[in-house]
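Worksheet for the structure shown next.
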Amino acid sequence: MHALIAFIPSPSTNGFHIGPLFIHAYGLMYVLAVAAAIAVSRWLWVKLGGNGELIYELAAWSFPAGLIGGRIYFLITTPAQIPPHWWGPFAIWKGGLGIWGGITAGVLTGLWRVRRKRMPRSDIRLLMDCAAPCLLVAQAIGRIGNYFNQELFGAPSSLPWALKISPAHRPPGFVHYATFEPTFLYELIWNLLLAGFLAWLQRRHRDRIRPPGIFALYVAGYSAFRIFEETQRIDYSNYFLGLRVNFFISCILCAIGLLWFVGVQRGWHPWYRLLGKEPPPTEPLAVATKLTPASRSPSARPPQPAAGRRARRSQTPG
């Protein structure tokens with residue numbers, strides 16, 4: 001009997017045609033990722049009593065900023081992978097979006113927009129917590145695009161779930177191997193599990209976790225998995241001390257996320273002390289985990305007493 005050989009096949013193409021137009025699966029997955037992130041974040045924000053229209057506005061600014069930031073990060077860290085054409089730096093349909101640059105640019109742009117809207121800092125922290133599971137869902141869907149591009153895989157493997165890679169996409173030195181560890185799939189599963197855990201934590205234990213503690217756990221949790229993933233991947237990367245550069249970045253960000261979470265829960269304000277300023281008083285947890293009236297949706301605001309409305313109308317000049 002012939003032994004059964006099981007593996008995950010790779011797609012024969014990385015997109016499809018609609019008439020003369022070729023739709024790249026990588027780009028399509030990013031569009032779906034953004035749509036999912038908007039839907040989940042809006043649902044979580046509205047559950048808190050927030051105005052769902054705010055999410056649409058922030059997405060309109062943060063998504064383009066994330067694409068630009070992710071591409072800039074890729075160009076800086078892996079310049080050898082830029083296609084040798086004038087349009088090479090812009091060829092995002094061929095892959096090449098650094099997650100750290102994308103998240104940083106997208107989050108900073110979103111924070112800039114809500115500060116422009118004069119949103120209270122306590123509400124901004126709650127908004128960041130709502131964004132954490134949504135970013136993970138978006139990242140998980142984005143990894144499907146890596147599957148279509150046949151990239152971000154690990155070492156040769158004979159596991160039943162190993163991924164078959166076509167010869168054109170095998171890195172130098174591995175041309176004679178056919179199946180590899182699907183590290184992008186491992187990350188996809190981890191991202192969804194972590195997103196579910198953070199969403200559960202936010203819904204069930206929100207009154208116990210001071211915001212933006214959930215976002216800090218997102219930074220730590222995702223980075224922790226990337227530490228493992230960076231030891232498995234064999235695609236091109238710059239190295240430092242024999243390890244991939246993103247391995248060290250992941251270690252630093254994981255430590256920052258953990259320290260950030262502990263600091264937020266304990267009310268640390270080291271930056272104020274470094275600047276020689278008096279730190280602000282720590283808000284009670286019951287106050288810090290609830291939206292202020294300024295950020296609530298009109299439908300979620302408590303109804304105004306009729307007497308109060310009549311009194312105001314009587315004071316309005318005719």
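Restricting to segment 187-199, name every residue that is in contact with a helix residue (DSSP H, G or I) (Cβ under 7 Å, 6 or more places away or on another chain), under 12 Å from GLN139 (Cα atoms) and of a type outside the set (S, T, N, Q).
Residues satisfying the conditions are GLU187, LEU188, TRP190, LEU192, LEU194, ALA195.
Which condition number in (1) surrounded by fewer than 14 Cβ atoms within 10 Å (Cβ to Cβ); (2) at pLDDT below 90; (3) of a type outside the set (Ser, Thr, Tyr); (4) within 18 Å of TRP100 (Cβ to Cβ) is the one that ARG266 fails?
Result: ARG266 fails condition (4) only.
Only residues that are within 18 Å of LEU44 (Cβ to Cβ) and surrounded by fewer than 19 Cβ atoms within 10 Å (Cβ to Cβ): list them for segment 211-243, please.
none
In segment 208-221, how many are touching a residue at least 60 places away in the same chain (Cβ under 8 Å), in a helix (DSSP H, G or I) and in contact with a Leu (Cβ under 7 Å, 6 or more places away or on another chain)?
Looking only at that region, the number is 3.
Looking at segment 78-101, is at least one residue touching a Phe, Trp or Tyr at 6+ places or on another chain (Cβ under 9 Å), more than 30 Å from ALA178 (Cα to Cα), hydrophobic (A, V, I, L, M, F, W, C) and surrounded by 15 or more Cβ atoms within 10 Å (Cβ to Cβ)?
There is at least one residue in segment 78-101 that is touching a Phe, Trp or Tyr at 6+ places or on another chain (Cβ under 9 Å), more than 30 Å from ALA178 (Cα to Cα), hydrophobic (A, V, I, L, M, F, W, C) and surrounded by 15 or more Cβ atoms within 10 Å (Cβ to Cβ).
When you scan segment 194-201, do you find a residue that is modelled with pLDDT under 95 and not aliphatic (A, V, I, L, M), even just one?
yes
Any chance segment 201-212 includes a residue that's among the hydrophobic types (A, V, I, L, M, F, W, C) and farther than 21 Å from LEU259 by Cα? Walk me through how you get there before you give the answer.
First pass over segment 201-212, keeping only residues among the hydrophobic types (A, V, I, L, M, F, W, C): 201, 209.
Among the residues that remain, those that are also farther than 21 Å from LEU259 by Cα are: none.
No; the residues of segment 201-212 include none that is among the hydrophobic types (A, V, I, L, M, F, W, C) and farther than 21 Å from LEU259 by Cα.
Exactly one condition in (1) farther than 23 Å from ILE214 by Cα; (2) out of contact with any Lys or Arg (no Cβ under 8 Å at 6 or more places or on another chain); (3) free of Cβ contacts under 8 Å to residues at least 60 places away in the same chain is false for ALA155; which is it?
(3)
Filtering segment 14-44 down to residues that are touching a strand residue (DSSP E or B) at 6+ places or on another chain (Cβ under 9 Å) and of a type in the set (Gly, Ala, Ser), which residue is surrounded by the most Cβ atoms within 10 Å (Cβ to Cβ)?
ALA25
Does GLN202 satisfy being touching a helix residue (DSSP H, G or I) at 6+ places or on another chain (Cβ under 6 Å) and surrounded by fewer than 19 Cβ atoms within 10 Å (Cβ to Cβ)?
Here the answer is no, as GLN202 does not meet what is asked.
Among the residues of segment 143-186, count how many are polar (S, T, N, Q), crowded, with 17+ Cβ neighbours inside 10 Å and either in contact with a His (Cβ under 6 Å, 6 or more places away or on another chain) or not in a helix (DSSP H, G or I) (or both).
The total comes to 3.
The values are calculated or read from the model by the stated rules, or taken from the named source; none is laboratory data. Computed from a prediction, not measured in an experiment: that's the story for all the values here. Note that each Cβ is placed from the backbone with ideal geometry, even for glycine, and that neighbours are counted across all protein chains shown.
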